[in-house]
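What follows is a set of notes on a single structure, which appears directly below.
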Amino acid sequence: MESITQSPSAAPHRESTSSHAEQAENRPKPLPSSEQDFRRDPARSTNPAFRIALIIGAVVLIVAGFLVYRYVSSYESTDDAQVDGHVNSISARITGHVIKLNIRDNQYVQAGTVLVEIDPHDYQVAYERAKADFESAQAAAAAAGVTVPITSVSTTSTVSSTEADVNNARAGVATAKQQFAAAKAQVAQAEANNVKAQDDVERYKQLVVKHEISDQQYDDAVAAAKANAAAVQAASANADAAQAQVASAQAKLAQSEANYRNAQTAPKQMQVIRSRAEQAEAAALQKKADLDQAALNLEYTKIVAPVTGEVSNRTVEVGQNVSPGQELMKVIPLDDLWITANFKETQLRSMKPGQPVTIDVDANGRSYKGKVDSIAGATGALFSLLPPENATGNYVKVVQRVPVKIVLDPGENKDLWLRPGMSVEPKVWIGQ
């Protein structure tokens, strides 16, 4: 086996290396710079100015940390917020053909500005027809109204006249009966006189035969008997005439009473006439309503802006046929905007209406001032199309967000730069 020889210089080298390591271990280690400074300048640590500087520095750090904490805890912010506003949908109220469009896309218009015009000819004709019908119904109502007082006076007079006729007829019946009674009495008297005259004739006849009386006396008795017989006939005729007058008076009384009963129906007739007059007035009112509706339809041929704002989402064109309820465009009032911020429910502990808000707008990099107006009555999840159903066995608690309405201070959006839907970051200063 070949032996390996070692060079004489190797051992001294290892020895020198180990000696250097032992020297390095025994050499004192360097001190930190502060301790070096302290050992280098022992009087510095006992210097009062140095201690005061350290205390002031510590106090400044504490105060700065406290101020930072106060600032961070003095507001609540969220990036889940956007500008909101009213979006007024403009639609047609009648059917028609669009003949004129008076606005452009994104044009700012004032309230009352005519936006779209519909062909008015058909509605003008309908208005004229309704106007003529109303005037005719109005004339008929006026005539029916005049008939009421005339008929009232006439029926009142008829009732009074027939009542007087009844009274007169009753008096006539009483008079005729009295006359008939007198005529009957005259007949009885004439008959009695005739009986006496006839008896005288018989007695005178016997006496004239015996020549106890003269012929002239006999002739006078005969003439008187004939006259009394004629008087009986005349009295009977007068009695018959008086009886006929009684019957006539009674018939006249019956006619007068019938007329009086007929006249007593005048109140019912007046009710009928008044009802006809009221019906005519109602018909006139109906025609007036038709006229008003025709006037409204004619007015609806001009579609106007209900509010001042900017026209957006226009879909109508000239020549288009529109129908009631069809949306033509939208008008957004840019002077009535607010912020809807969806804060976490844990951020609402100290939030209340009236607190100041700073709103940072992403679109222009500006900050706006406002205040908290109100807090929604429920979380945003409950207003969603499919609200979450937590009545399950695997419920997981999720922090909900509640919409908070923030209104801008007056004059903040005077240049009308903000638009609904823009993203913003509001800061609600809850410490104020």
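The values are calculated or read from the model by the stated rules, or taken from the named source; none is laboratory data. No experiment lies behind these values; they were computed from the predicted model shown. Here Cβ is always computed from backbone atoms with ideal geometry, including for glycine, and neighbour counts include all displayed protein chains.
Only a single criterion out of (1) at pLDDT below 95; (2) over 34 Å from the mean Cα position of the chain (by Cα) is not satisfied by LEU285, namely (2). Restricted to region 138-183, and to residues there that are within 56 Å of the chain's Cα centre (by Cα), exposed (fewer than 13 other Cβ atoms within 10 Å of the Cβ) and hydrophobic (A, V, I, L, M, F, W, C), the residue that is modelled with the highest pLDDT is ALA139. Could you please let me know if GLN233 is under 30 Å from VAL166 (Cα atoms) and in a helix (DSSP H, G or I)? So GLN233 fails the test.
Contact map, region 281-309: first residue in contact (Cβ under 8 Å) with a residue 12 or more places away in the chain, second residue of a type in the set (Asp, Glu) and outside any helix (DSSP H, G or I), Cβ cut-off under 9 Å, separation 6 or more or different chains; pairs are THR301/GLU117; THR301/ASP119; LYS302/GLU117; ILE303/GLU117; VAL307/ASP336; THR308/ASP335; GLY309/ASP335; GLY309/ASP336. For region 114-126, a residue qualifies if it is surrounded by 16 or more Cβ atoms within 10 Å (Cβ to Cβ) and of a type outside the set (A, V, I, L, M), and the qualifying residues are GLU117, PRO120, ASP122, TYR123.
Sort out which residues of region 326-378 are at positive phi and more than 35 Å from the chain's Cα centre (by Cα), and write them in order of number. If the condition is that a residue be at positive phi and more than 35 Å from the chain's Cα centre (by Cα), then GLY365 is the only one that fits.
Residues that are part of a helix (DSSP H, G or I), among the hydrophobic types (A, V, I, L, M, F, W, C) and in contact (Cβ under 8 Å) with a residue 40 or more places away in the chain are absent from region 200-214 altogether.
Would you confirm, using the coordinates I've provided, whether ILE375 is touching a Pro at 6+ places or on another chain (Cβ under 6 Å) and surrounded by 13 or more Cβ atoms within 10 Å (Cβ to Cβ)?
Details: touching a Pro at 6+ places or on another chain (Cβ under 6 Å): no; surrounded by 13 or more Cβ atoms within 10 Å (Cβ to Cβ): yes.
No; evaluated as a whole, the condition is false for this residue.
Screening region 70-117 for residues that are of a type in the set (Gly, Ala, Ser) and under 30 Å from TRP429 (Cβ atoms) and picking the one that is modelled with the lowest pLDDT gives SER73. Could you say whether any residue in region 258-278 is closer than 23 Å to LYS177 by Cβ, modelled with pLDDT under 80, out of contact with any Gly (no Cβ under 6 Å at 6 or more places or on another chain) and surrounded by 13 or more Cβ atoms within 10 Å (Cβ to Cβ)? So far as region 258-278 goes, yes, one or more of its residues are closer than 23 Å to LYS177 by Cβ, modelled with pLDDT under 80, out of contact with any Gly (no Cβ under 6 Å at 6 or more places or on another chain) and surrounded by 13 or more Cβ atoms within 10 Å (Cβ to Cβ).
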